[in-house]
Amino acid sequence: MAETPRADLLVLFGGAGDLARRMLLPSLYFLDADGFLPERFKVVAAARSEMTREAFLDLLRADLTARPEGLDETVWTRFSARLDYVAADATTAEGLAPLKPHMAAAKLPIFYLALSPSLYARVCVALAAAGFASDDSRIVLEKPIGRDLESSRGINVAVGAVFDEARIFRIDHYLGKETVQNLMALRFANTLFEPLWNNLTIDHVQITVAETEGVGERWPYYDEYGALRDMLQNHMLQLLCLVAMEPPADMEPDSVRNEKVKVLRSLRPFTRAEAHKDSVRGQYGEGVVGGRAVSGYEKERGQASDTETFVALRADIDNWRWAGVPFFLRTGKRLPERRTQIAIQFKPVPHSIFGGSASEDLVANRLVIDLQPDEDIELLLMNKAPGISRGGMRLQSLPLSLSLLRSYEGPGARRRIAYERLLLDVIVGNSTLFVRRDEVEAAWRWVDGVADAWREAGMAPKPYAAGSWGPAGAFALIERSERAWYD
Ligand code: NDP
Ligand code: BG6
């Protein structure tokens, strides 16, 4: 991959917001701890609120100290020297003026918009008007890019008028997760799976992103988006693309992204006729999660709402490799456990040579890729149970495990925040793990079809008790094809 110059400044708009404090600034701290930040690299957190540099450093120091890893004083001394806080309004050239001294000293700045997407267009216009959007600058956009295809196009056009595509980094933090990248290694660095990776051998695929947390204080954002737009349009479709894409020629950004976009374009459009049969919307009511009584979504929201906090659906990919292989996707808040998992279910053997009870023990192979809470890849294989039994041979299914942390024990084994990888990639200018404009728009086109089908079919979210696996319809959805969720 061609070397691009390394950035020397990161301007973090929304720099004292939730995402910045929980994910982005800790990620930069850990990158510094591991010696990945360029020597002269500076970070300027910017938001409208007035705050001194010292007060900002106190906040961040407290955040880092409260983390399980604790604070390393040597790293903190080095890292804090890189940091500043500037009160600035990113939406006007005048509002950006306080950043001028930092910009004058920077050759290759990155602008990270940890802001509401509704501000992206105005911020780009303001960056250009302030003279900050030089040819070497890069811009990072958080998801969601819009709320539908039309609004996403509006944002992409406005950002594209100031920054060319090679300088736009659209983040989907799932692509920074270690196991997600390992999925590419598993598929394309082994000869074992590729010949089997198709509709001749694979029965179906399940992708589950289950969260125990509720929406809580985030409802002003969430109520407008719901699970379909918050999770499925981006994170889950990206996972589906990595499972389903053809082998790219290399790891160049466009090679990988060309293949992902082909998958998105091959997704069978959803219609009103399929809405009830192939999808379920749910909204959590009160219940018990992890032994704790919790409120329902509408109570958190303070009024009735038509927003789904759970979605399950069947997606079909109309191409040669995947014809006839359903992808079952489900995601929800306030489910019984936190789990992000991809399960590739292989077909059963065509004929069992094992008679009697051994035949009943025979289960089809499954490849299970766990992203959260633990990172693991397991291949379930049939095995002979040890010993002799009167009834002949006994079979059992045993997992062959590639536990990522266990395989790489040692100082580097700390579980990284997904943003670490992605921030480092922006600094060095590698956009392979970022989402290209046509990808975002292809994903929205399909998701808009789902939302339209729901509206036309009059599908309101069905209630489910917090702590359950969603509405009963989610089970019926998969059982209709004589399959079941792996709970
Ligand atoms: P927050 O509301 O916590 O933070 C946003 C910050 O932006 C505020 O602190 C605000 O500070 C600042 N801000 C608002 N307007 C301006 C402005 N005109 N100029 C400069 N700063 C401004 O939001 P989050 O951190 O939760 O989310 C930020 C983005 O990241 C959103 O796009 C969200 O969808 C995305 N995201 C968030 C995730 C999360 O876990 N939080 C996960 C994935 C994506 P002030 O009022 O002082 O200006
Ligand atoms: C964010 C969504 O993009 O991803 C949140 O906005 C969700 O609603 C979060 O909770 C899940 O991320 P992770 O990495 O915790 O699975």
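Scanning the stretch 25-56 for residues that are in contact (Cβ under 8 Å) with a residue 60 or more places away in the chain and under 12 Å from Leu83 (Cβ atoms) yields Leu28, Leu37, Phe41, Lys42. Within the stretch 297-315, the presence of at least one residue that is more than 15 Å from ligand 2 (Cβ to nearest atom), closer than 19 Å to Asp278 by Cα and open to solvent by 40 Å² or more (accessible area, probe 1.4 Å) is confirmed. On the stretch given as the stretch 366-402, residues that are hydrophobic (A, V, I, L, M, F, W, C), more than 23 Å from Trp197 (Cα to Cα) and open to solvent by 60 Å² or more (accessible area, probe 1.4 Å) total 2. Have a look at Leu175, Leu127 and point out the one that is within 14 Å of ligand 1 (Cβ to nearest atom), within 17 Å of Gln238 (Cβ to Cβ), in contact with a helix residue (DSSP H, G or I) (Cβ under 8 Å, 6 or more places away or on another chain) and not charged (D, E, K, R). Just a single option satisfies the conditions, and that option is Leu175. Could you check the stretch 125-141 and list, in sequence order, the residues that are modelled with pLDDT of 95 or more and either within 16 Å of ligand 2 (Cβ to nearest atom) or open to solvent by 30 Å² or more (accessible area, probe 1.4 Å) (or both)? Of everything in the stretch 125-141, those that are modelled with pLDDT of 95 or more and either within 16 Å of ligand 2 (Cβ to nearest atom) or open to solvent by 30 Å² or more (accessible area, probe 1.4 Å) (or both) turn out to be Val125, Ala128, Ala129, Gly131, Val140, Leu141. The number of residues in the stretch 158-168 that are in a helix (DSSP H, G or I), of a type outside the set (D, E, K, R) and open to solvent by 60 Å² or more (accessible area, probe 1.4 Å) comes to 1. Filtering the stretch 425-449 to residues that are over 14 Å from Lys143 (Cβ atoms), open to solvent by less than 30 Å² (accessible area, probe 1.4 Å) and not polar (S, T, N, Q) leaves Asp425, Val426, Ile427, Gly429, Ala442, Trp446, Gly449.
Mind listing whichever residues of the stretch 301-357 are of a type in the set (S, T, N, Q), under 30 Å from Glu217 (Cβ atoms) and without any contact (Cβ under 8 Å) to a residue 60 or more places away in the chain? Within the stretch 301-357, Gln303 is the sole residue that qualifies. Scanning the stretch 337-357 for residues that are within 16 Å of ligand 2 (Cβ to nearest atom) and in a loop (DSSP other than H, G, I, E, B), we see that the one that is most open to solvent (accessible area, probe 1.4 Å) is Arg338. Restricted to the stretch 10-119, the set of helices (runs of 4 or more DSSP H) holding at least 1 residues that are within 16 Å of ligand 2 (Cβ to nearest atom) comprises 25-33. Would it be correct to say that Ala460 is open to solvent by 30 Å² or more (accessible area, probe 1.4 Å), without any contact (Cβ under 8 Å) to a residue 12 or more places away in the chain and either assigned by TED's automatic domain parsing to the domain that holds Ser266 or farther than 22 Å from Asp223 by Cβ (or both)? No, not satisfied. Candidates Ile145, Ile155: the one that is part of a helix (DSSP H, G or I) and either within 16 Å of ligand 2 (Cβ to nearest atom) or out of contact with any Lys or Arg (no Cβ under 8 Å at 6 or more places or on another chain) (or both) is Ile155. State yes or no: is Tyr221 within 16 Å of ligand 1 (Cβ to nearest atom), open to solvent by 10 Å² or more (accessible area, probe 1.4 Å) and modelled with pLDDT under 95? Considered against the rule, which asks whether it is within 16 Å of ligand 1 (Cβ to nearest atom), open to solvent by 10 Å² or more (accessible area, probe 1.4 Å) and modelled with pLDDT under 95, Tyr221 comes out as yes. Evaluating Arg187 against the criteria (1) surrounded by 17 or more Cβ atoms within 10 Å (Cβ to Cβ); (2) in a helix (DSSP H, G or I); (3) at pLDDT 95 or above leaves one unmet condition, (1). Here the condition is being under 30 Å from Pro350 (Cβ atoms), more than 16 Å from ligand 1 (Cβ to nearest atom) and in contact with a Phe, Trp or Tyr (Cβ under 9 Å, 6 or more places away or on another chain); of Thr191, Thr208, it holds for Thr208 alone.
The values are calculated or read from the model by the stated rules, or taken from the named source; none is laboratory data. Quantities reported herein were computed from a predicted structural model and do not represent experimental measurements. For neighbour counting, all protein chains shown are included, and Cβ atoms are generated from backbone atoms with ideal geometry for every residue, glycine included. What goes into the accessible areas is simple: the full protein's heavy atoms, side chains included, and nothing from ligands, DNA or RNA. Shrake-Rupley method; radii C 1.70, N 1.55, O 1.52, S 1.80 Å.
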